[in-house]
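Worksheet: one structure, shown below.
What follows draws every value from the coordinates through simple rules; no lab data is involved. If you're wondering where the values come from, they're calculated on a predicted model, not measured in any experiment. Reconstructed Cβ throughout: ideal geometry from the backbone, glycine too, with neighbour counts over all protein chains shown.
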Amino acid sequence: MSMSQVMAFTQRIEFKTLLEIECKGLTGFSPVIHQKLEDFVSMLSLLDSVDILIIDEPKDQATFKSLLVGIKLRREEIKKIFFLSNHKVDLTDVKVFALNDVEELLSEIKTLIAPPVASNQGYISIPTDSLIHFKVLPFDLYVKISDDKYLKRIPAHEEIDESTFASFLSRGINDLYYERKYNRDFSLMLINNMINRVEQDYGSIAQKLTATNEVFVTTQQIVEKLGFKPKVIEVCESVLNQISEDVSSGKDSFAKFLEQLRTQVELTFHYRLMELTSFVATQIIDEMEKEGKRERIKKVIFASMFCDYTLMENSQIHIRSADQVSKLLLTEQKIINEHALKASELINQYRNAPYEASLIIKQHHGSMSGVGLPTEISAKILPLSKCLMTAQEVAYQILMESARHPIDVLSDIKLKFIDTPLEDFFVLFEKTCQDNLKD
């Protein structure tokens, strides 16, 4: 379906962003979206036909009535019309969703643009480095040599080790393929192997971090492809539980894990940042109100794991300021500026996510005054968002200056927090951790 034939009218920035993300993810192109009545009506009159028209009811009823008039004039050229509205729509053969039923609307749009494939034929790709979780597979693996042409490279039951997938990666082959009919078997094997890897006992912190890092990386890859499917959630929960166990084991373990995270550079930077952020945040929460501490720790660890999950490139995690963002190409600026919103929407698919976790993620790049948050929960969310932001900035600087003692790094970055909304949280971290980090 051509994206030039998908149109929308909305005056809600968040819905506009979500619609662009969903459609672009399915087709590679953004839909035509207008926020001004005159622009919308003008464009509608120019198109020969429209496959999907989406109207998000504006607050101004005069504008809404004008929209309906414009649509009625072109009704025969529009195949499908969807409304987000809490009022009766005076049009025939349209589908109306309540204003808050955005998820249901997007689900229906997805089905229209990319109908589910029922066929059991064809091939499914997997990240080459996900083979690290297997010693053998009961089916063949292929490389893609052209459209619809695949070459067998790893026969069924052949032993797999690190050199197997390293050889593919060294040649730029980042994806391997298996026949679609084995999808359920492969998914279950991968998920079970990853869960077992996270939950088994290890002889050292270094071994434990290496295993959790590898599972974290693969989980991120399959979440990007599949979203939060039930079995994927089991791995996410396993990783989260492991991190929670690590950071809740007491302040004495902080120095040990810190040293490993600073020096074990073979771990991905994203994983080390997430794990150290969780540790620092736990130390801060430990000094906050004692009531409900366990639940707050769970929320912040969850937010730490997923807040940067939707960044497309590893290098983007190093973009830390508005000045750095302004120097990027517009397409990359958009990814950076919207990643917190996208991550927030991603975990909304996860029914077992800690309550308010998506708001913590969304707000960690939002207003520190509570703008955009419902008043009744602002007092709960802002402290945890500030805690996450403080912890992530502290963790980032410690990792970036890993050759220096963390106490020296803290002394240098202290000025960064003075007279900011994060100052009190940085002071809490200093209070609880400085003694523990001294030689």
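What the table shows:
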{"quantity": "Relative contact order of the range 287-353, pairs being alpha-carbon contacts under 8 Å that are 6 or more residues apart, as %", "calculated": "38"}
{"quantity": "The chain, helix-only ellipticity at 222 nm - DSSP H runs n ≥ 4, -39,500 (n - 2.57), divided by all residues, nearest 500", "calculated": "-18000 deg cm²/dmol"}
{"quantity": "Order of E159, E345 under a 10 Å beta carbon neighbour criterion, fewest first", "calculated": "E159, E345"}
{"quantity": "Net charge, E401 excluded, C-beta distance under 10 Å - Lys, Arg +1, Asp, Glu -1", "calculated": "0"}
{"quantity": "Choice from S244, S326, S125 with maximal GNM fluctuation in the chain (Cα, 10 Å cutoff)", "calculated": "S326"}
{"quantity": "Net charge, G122 excluded, C-beta distance under 10 Å - Lys, Arg +1, Asp, Glu -1", "calculated": "0"}
{"quantity": "The range 123-180, relative contact order [Cα under 8 Å, separation at least 6], %", "calculated": "52"}
{"quantity": "Antiparallel bridge percentage (DSSP; both residues within the chain; nearest 5)", "calculated": "40"}
{"quantity": "Proximal lysines relative to K414, as straight alpha-carbon distance under 25 Å, when same-chain residues fewer than 8 apart are discounted", "calculated": "K251, K256, K386, K431, K438"}
{"quantity": "Most mobile listed residue (E393, E356, E289) in the chain, GNM with C-alpha springs under 10 Å", "calculated": "E289"}
{"quantity": "Reachable lysines from K79, criterion Cα separation under 28 angstrom, eight or more residues apart if same chain", "calculated": "K16, K24, K36, K59, K65, K88, K95, K110"}
{"quantity": "Helix axis angle, 230-247 relative to the chain longest principal axis, alpha carbon, degrees", "calculated": "30"}
{"quantity": "Alpha-carbon Debye profile of the range 3-113, log10 I(q)/I(0) at 0.10, 0.15, 0.16, 0.20 Å⁻¹", "calculated": "-0.24, -0.57, -0.66, -1.10"}
{"quantity": "Percent RCO, i.e. relative contact order, over the chain, from Cα pairs under 8 Å lying at least 6 residues apart", "calculated": "10"}
{"quantity": "GNM result for the chain, Cα springs below 10 Å: residue of I71, I21, I222 fluctuating most strongly", "calculated": "I71"}
{"quantity": "Degrees between helix 61-73 axis and first principal axis of the chain (Cα, 0 to 90, nearest 10)", "calculated": "60"}
{"quantity": "Listed candidates (i) 23.6, 72; (ii) 24.6, 85; (iii) 24.6, 77 - label of the one calculated as Rg and Dmax of the Cα atoms in Å", "calculated": "(iii)"}
{"quantity": "Angle between the chain longest axis and helix 252-263 axis [Cα atoms, degrees, rounded to 10]", "calculated": "70"}
